[in-house]
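Values in this text are rule-based calculations from the coordinates and carry no lab data. Please read these numbers as outputs of a predicted model, since none were measured by experiment. Quick reminder, even Gly has a Cβ in these numbers, built from the backbone with ideal geometry, and neighbours come from all protein chains shown.
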Amino acid sequence: MPPAPTPPAPTPPAPSPPAELSPTSPVAIYSGSFGVREAERLLWRAGFGPSPGHAEALAAMGLRRAVASLTRPSGAATLTGAAPTDEDGTPLAPADLWGHDHLWWLDRMVRTDQPLVERMTLVWHDWFATSNDGVGQQQLMLDQNELFRRSAFSSFEQLVHDVTQDPAMIVWLNLSENTRWSPNENYAREVMELFTLGADRGAYTEQDVRQLARALTGFDFDWSDELGMQNFRYVPTRHDNGNKTVFGQTGAWTWEQGVAMCVHHSMHPSFFVQKLWSYFIPTAPSAGDRQALESLYVSSGHQVRPVLEAILLHPDLHAGPRMVKPPVVLVAGLLRALQRSIDGEYWIWYSESAGQRLFFPPDVSGWDDSRWLDTSTVRGRFELVSRALTGRVLEGDEVDDYDETETPEQAVAAARAWSHDPNLSAETVTSLTSFAAAALAGAGGWQLSTYRGLRQNALRHLILASPDYQTS
Amino acid sequence: MPNCGCNDYSRTQVLRRAAAEAGRGLPAIEPGMPMPAGTGLTRRSFVSRATGLALSVYGAASLGPKAFEAGIAAAAAQAPSERVLVSIFLSGGADSLTMLAPTSAHPQYAANRPTLALPNGQGVPLTEDSSLRWHPSFAGLAELYGEGKVSVMPAIGYDGANQSHFTSRHYWEVGETNPFGRWGWLGRFLDQHGVADNPLQGLALGWDLQPVLAARDVPIATVAEPDNYDFWTPGVWGSVQDKMLDAFGDLGELSTSDAGLGQARAAVAATGRLRDQLAPYQDGFTSPAGVTYPGGNFAGRLRALAAMLDGGLPLRLVAIESGGYDTHSGQAGSLPGDLLEIGNSLRSFQRDLEARGLQDRVLVHVWSEFGRRPDENGSGTDHGAAGAGFVIGSQARGEMVGEFPGLATLDDDDNLRNTSDFRGVYCALLEQWLGVDAGPIIPNASSFARPALVAA
C-alpha cells in the first residue's frame, strides 16, 4: 500500500496588517461616489448601522479607508456608554442567568467601536450554528462565542480545527458519543454539508460521512454535579486507529487530519467564498469574481480578511439591491441610533419575536437569511420599535401644546431628522406625507395640536418600522 | 443530555438565491378596485373592523386601496364549503420503527435495537398488518385508526433517499427530488388555484414560515399566536392610531424594482391584511364543551385552527412544524413524550372538528423528511431512508398505503426500503382532496401511482 498522503497542518492566524495599509482586491472595486448614504449601507452590512455621526465620518475617509477601519481594528474593542443591566439596574450574569447571554452579546453589538468584529462573530455563529437548546450550559456557549470573536478575520482552517474541539460543539453534535465502538455520524455529516463543502455538489458520499465519523472519534468530557460538563478532552483509547478512506484517500486519519482534509478539498474554496459573500451581498457573485476570490482565499492560506475586504469593496455591495437586516442587527442598530443601552431583559423577548434569539439558532444550519420576514416576524419588528421608542415619544404637554401650524411635509421632515435621517425611498416619503395629511383630516379645536403631537410619534414609529428601514 | 443539534436542514445556500423572487411575492393592487360588497361573511366575526375603518375613518380620504377586503370577503364567502388540507411536519426525521414498532414477526428488530426496541407484548397491533404495533405513546392516533380515520404509510419515501436533513426535507417541501426547486408544492397549488389578495389561504401556524407553502405569486401568512396579533403604538392613540396602523400596511403596498425592498414590502403588506383578518379573535378562542387539548404549543395551534375554521376565516392550506425528532442520542428519553403530545393533540383536533361539524372539510397529512436507520447507534439512531406518514380525518380512506417492507432486506445504506412515494401521495391529495389536476403542480406527476386516500 502506498504511503497515505498527509494533509497539511492548520495554518496559524496571520498577524493583523498595519492599519495604514490600504485593502486591495483582485476583483472590481466600487468606484462611484462614496457619500453618507453609501457609508450608511456599509455600516449596516458590515456592522450594526451608524451611531450618530458615524456615517459622516466614514464617508469622509473614502471607501478604502472606511473598509480598513472596519476590517483592521487595532487592539481590544472599547465599549462606550452605560453598561448593561436588568430592569432593577443589576449587572448581567451572562454565564448563569437565563437569557443574559443574549443581552450580554447584544450589548457588545450596541456599544463596540469594532462593529465588524461582532458582525463576523455573528456570521460564525450562524455558519457553525450551535444552540444552547442542545448544549445546556451557557458558559460553554460564551466560550465558543469568544472563539468566534478572536477568529473574526483570521484563518478559516484554524477556525474549523478549533470548532471541532470546541466543548459546545462537542456536545451539540454528539462528538463525545462518537467512539470507535459506536460511531455517531452527526458531526461528520454536518462539518462537510454545512461548514466546509455543501450538500448536493458531489463533494462527498455517504461512505465519506461514515468514514470521516471514524476519524473524528475520541472526544470525551466529564460530568460534575457542581460544575456540569467539564474536562473536555481527546482520549486516544476512544479513537478508531484503523484505516479510513475519506475522499478516496486511505490512511489512519486523525481528527485533525480529517477536518483539514475538508478544508483542503478542491470544492471547499467555492463553498467558502459563496457562503461568506452571501452574508454581505444578496446577489450571487459572477463566475469570474468567484473564481478570483477562491484563488485569493487559497493563496492567502485560507485567510478570511482578504476575501472579506474584497467583498466589502465590491460594486455589488454598494450599487446592488437592498438586503434585509437580520433581527438582532436591527435591534442593535436601533439602540445605537437612539443611543440607548440595555436596561432590561425585555430585549430577549423582542429579539426572539422578530425571529432571532442569540445562542439559539433554529438548527445547525443557522438562520434562514432569505426568510427573515413574514407576518409573524414583521409584527415582532414593529413591536420592538415600539419598545425602543418607549420613553422617547412626545408625552403630555409636548403633545397637547404641539405646533398646530405644522404642515404634513414639515412633520415628515421633523420625524426623519429625529431618527437620524435613515435612507427612505421617495415613494415611502410620499406615502408618509399622505398619512400625515390624513391624520389631521376632520380634526378641529384641541385636536389641531394634540393630533399633530400624536402624528409626530406615529411618523417616527412608521419610519423605523418601514420596509425601507428593515433593509439596507 | 440533549439529543442532538442537527435537527433540520440548511437551505440557506439554495434559498438565498431565491430571495430575489420572493421579493416579487405580492402583485401590486390596482387602484380603483371595488370595495367589498356585502358578501357572505358574518359581520360579527370579521367585517366589523374593516367596515369601521373603511367608512367612519377613511371614507374618500382613504390612504391606499383596500382591495384586499374584497378578496378576503369573497374568499370567506366560499370558505364554509372549501376543503382544507393541514400539513404537519415532524422535523428531524421521525423514527418510524418506534411509531409503528415491528413485532417478533420481524426477528431482526430486536437485533437492530438492543436498547430501543419496544418490548414484546406492548402496543396495539395494526388490523391491516399485525406484525406492526402502535407505540403505546401514540395511543391517540391508534384510537383514530381504530375508527377508520387514519391511512397509514409504513414505509414512505423515494428511491435514492438523501440522508441530509437539508436536502431530504427540501425534496418533500418542493414536491420533487430537485435541490434547486424554489417553491413549495402547496405554494404551487396556491399560485395556480389561490387568489392574489388573501394571505390566509396559506397559513403557517408557528414562528416560522413553512416552505411547503412558499408561493411565487400569491401572499401567504405566518402567525404564532393568532389570538395575539395586535400592534402596540406608544404615544399614539385614537383615530391617529387607526390611520397609522393602516398607513403601515400601505407602506407595504408600494411597488419597487429593488428585490430586497420588495421582499420587505410584501411582508409588511401581508401583515397589514392579516391584522384585519384576525381582529375578531383578539379576545381568544373557545373550544366546544367536552373538547379538551393537551398543553403545549402544538395542541394550542390546532385548537386555534379549529376555532378559526369555525369562525369562517378563508383558510385553505395550513402548515405546522413540530420538531425534536432528530434522535441521534437519548431517543428513549425524548421520543415517547413527543409522540404522546402529537398523537393526543391530533385526536383532540379531530374531536374538536367533529363537535363543530367541520370534520368532513378537513384532512391532515403528517410527514417527516426521512425515517431513521434500523440499527441503533448506542442510545439513538442515525439518519435513515423510508419513514412513516399518515393521512387523518373523517374523510380519510383509512387504508394502508404500501406494505411494511420488513427488516430482512434493507437498502444499500442499511436503511428501510420505501414501498410508497411521497410524490404519489401529493398527487392523490391534490386530485382526490383538493380536486385539481396534479400535473401542473407535481413534476412528472403521471409517473407516480396514486394511492386511494379519500373515502369513497
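Residue-wise HN-Hα couplings along region A:413-424, as the Karplus relation 6.51 cos²θ - 1.76 cosθ + 1.60 with θ = phi - 60° gives them from phi, are 4, 5, 5, 5, 5, 4, 8, 6, 6, x, 6, 10 Hz; Gly and Pro carry x. Does chain A come out rounded, prolate or oblate, given a ≥ b ≥ c as the square roots of the eigenvalues of its C-alpha gyration tensor, rounded meaning a/c under 1.5 and, failing that, prolate meaning a/b above b/c? Verdict is prolate for chain A. Neighbour counts of other Cβ atoms within 10 Å put A:MET267, A:MET192 in the fewest-to-most order A:MET267, A:MET192. Computed 3J(HN,Hα) for region B:330-336, one whole-Hz value per residue from the Karplus formula 6.51 cos²θ - 1.76 cosθ + 1.60 where θ = phi - 60°, is x, 4, 5, x, 10, 5, x, glycine and proline marked x.
Taken residue by residue and averaged, Cβ atoms of other chains lying within 10 Å of the Cβ of B:169-175 number 0.
Using only the Cα atoms of region B:180-281, build the gyration tensor, take square roots of its eigenvalues as a ≥ b ≥ c, and label the shape rounded, prolate or oblate: rounded if a/c is under 1.5, else prolate if a/b is larger than b/c, else oblate. Present the calculation step by step, with values, prior to reporting the outcome.
Numbers: a/c = 2.28, a/b = 1.56, b/c = 1.46.
Taking the square roots of the gyration eigenvalues as a ≥ b ≥ c, region B:180-281 is prolate.
Annotation: amide H-H contacts under 5 Å for B:LEU132 (H modelled 1.01 Å from N, sequence separation of 5 or more, or interchain): B:THR103, B:LEU126. Across every pair of non-identical alpha carbons in region B:239-357, the mean reciprocal distance, once inverted, gives a Kirkwood radius of 17.4 Å.
Relative to the Cα centre, the charge distribution of the protein assembly as shown, modelled as +1 at Lys and Arg Cβ and -1 at Asp and Glu Cβ, gives a dipole magnitude of about 1260 debye. Paramagnetic label reach from A:SER182 (point 7 Å along Cα→Cβ; backbone nitrogen cut-off under 19 Å): within region B:375-418, residues B:375-384. Specify which residue in the list A:GLY89, A:ALA292, A:GLY32 is farthest towards the positive end of the charge dipole of chain A, using unit charges on the beta carbon of Lys, Arg (+1) and Asp, Glu (-1), about the Cα centre. It is A:ALA292, whose Cα lies furthest towards the positive end. Take each residue of peptide A:321-331, count the partner chain Cβ atoms within 10 Å of its Cβ, and average: the result is 3.
Listed by chain and number, the aspartates and glutamates whose alpha-carbon sits under 17 Å from that of A:LYS244, ignoring those within fewer than 8 places in the same chain, are A:GLU185, A:GLU206, A:ASP208, A:GLU256. Between the alpha-carbon centres of region A:143-176 and region A:423-444 there is a gap of 50 Å.
Could you compute the longest span of chain A free of GluC sites (Glu not before Pro) located in DSSP loops and having at most 11 other Cβ atoms within 10 Å, not counting the site residues?
Working: sites that count: A:GLU20, A:GLU87, A:GLU226.
The longest uninterrupted stretch comes out as A:227-472.
Among the chymotrypsin sites (Phe, Trp or Tyr not before Pro) within region A:430-467, those in coil by DSSP and having at most 13 neighbouring Cβ atoms inside 10 Å are A:TRP446.
Normalising by the residue count of chain A, find the relative contact order in percent from Cα pairs under 8 Å and 6+ residues apart.
20 percent
Using only the alpha carbons of the protein assembly as shown, what is the convex hull's orientation-averaged projected area in square nanometres? Mind dumping the intermediate values first?
Numbers: hull surface 154.6 nm².
Dividing the Cα hull surface by four gives the mean projection, 38.6 nm².
Since only A:PRO422, A:THR407, A:ASN457 are under comparison, the one whose Cα sits farthest along the positive direction of the charge dipole of region A:395-472, derived from C-beta charges on Lys, Arg, Asp and Glu, is A:PRO422. Each residue of region A:324-339 is assigned a 3J(HN,Hα), and the resulting list reads 6, 6, x, x, 5, 5, 4, 4, 4, x, 4, 5, 4, 5, 8, 6 Hz, derived from the Karplus form 6.51 cos²θ - 1.76 cosθ + 1.60 (θ = phi - 60°), x at Gly and Pro.
Relative contact order, percent, of region A:395-472 when contacts are C-alpha pairs under 8 Å separated by at least 6 residues? Can you show the working numbers first?
On the way: 73 pairs, mean separation 37.6, N = 78.
Here the relative contact order equals 48 percent.
Remark on A:THR471: its backbone amide H falls under 5 Å from those of A:LYS325, a criterion applied only to residues 5 or more positions apart or on other chains, H modelled at 1.01 Å from N. Relative to one another, the C-alpha centroids of region B:96-137 and region B:316-393 are positioned 17 Å apart. In this Cβ point-charge picture (+1 for Lys and Arg, -1 for Asp and Glu), region A:395-472 has a dipole of about 300 debye about its Cα centre.
Here's the list of aspartates and glutamates a cross-link from A:LYS275 could span, going by alpha-carbon distance under 12 Å and ignoring same-chain residues fewer than 8 apart: A:ASP126, A:GLU294, A:ASP369.
What FRET efficiency do you get for A:GLN291 and A:TYR346 if R0 is 51 Å and r is their Cβ-Cβ distance, rounded to the nearest 0.05? Kindly include the intermediate steps, with their values, before the conclusion.
On the way: r = 47 Å, r/R0 = 0.93.
Efficiency at R0 = 51 Å is approximately 0.60.
Near A:VAL246, the amide H atoms lying under 5 Å from its own belong to A:GLY251; only residues 5 or more places off or on other chains count, and H is placed 1.01 Å from N.
Once you order the gyration tensor axes a ≥ b ≥ c over the Cα atoms, which shape class does region A:395-472 get: rounded for a/c under 1.5, otherwise prolate or oblate by comparing a/b with b/c? Taking the square roots of the gyration eigenvalues as a ≥ b ≥ c, region A:395-472 is prolate.
Considering only A:MET267, A:ALA213, A:MET192, and ranking their Cα positions along the charge dipole of region A:165-306 that arises from unit charges at the beta-carbon of Lys, Arg, Asp and Glu, the one farthest toward the positive end is A:MET267. In a DSSP loop and with at most 16 other Cβ atoms within 10 Å, the GluC sites (Glu not before Pro) in region B:98-171 are B:GLU128, B:GLU147.
Placing +1 on each Lys and Arg Cβ and -1 on each Asp and Glu Cβ, with no other charges, gives region B:361-411 a dipole about its Cα centre of roughly 320 debye. When the Cα centres of region B:440-456 and region A:291-365 are compared, how far apart do they sit, in Å? Using only Cα atoms to place each centre, the spacing works out to 43 Å. Computed from label points 7 Å out along Cα-Cβ, the spacing between A:SER299 and A:ASN243 is 3.8 nm.
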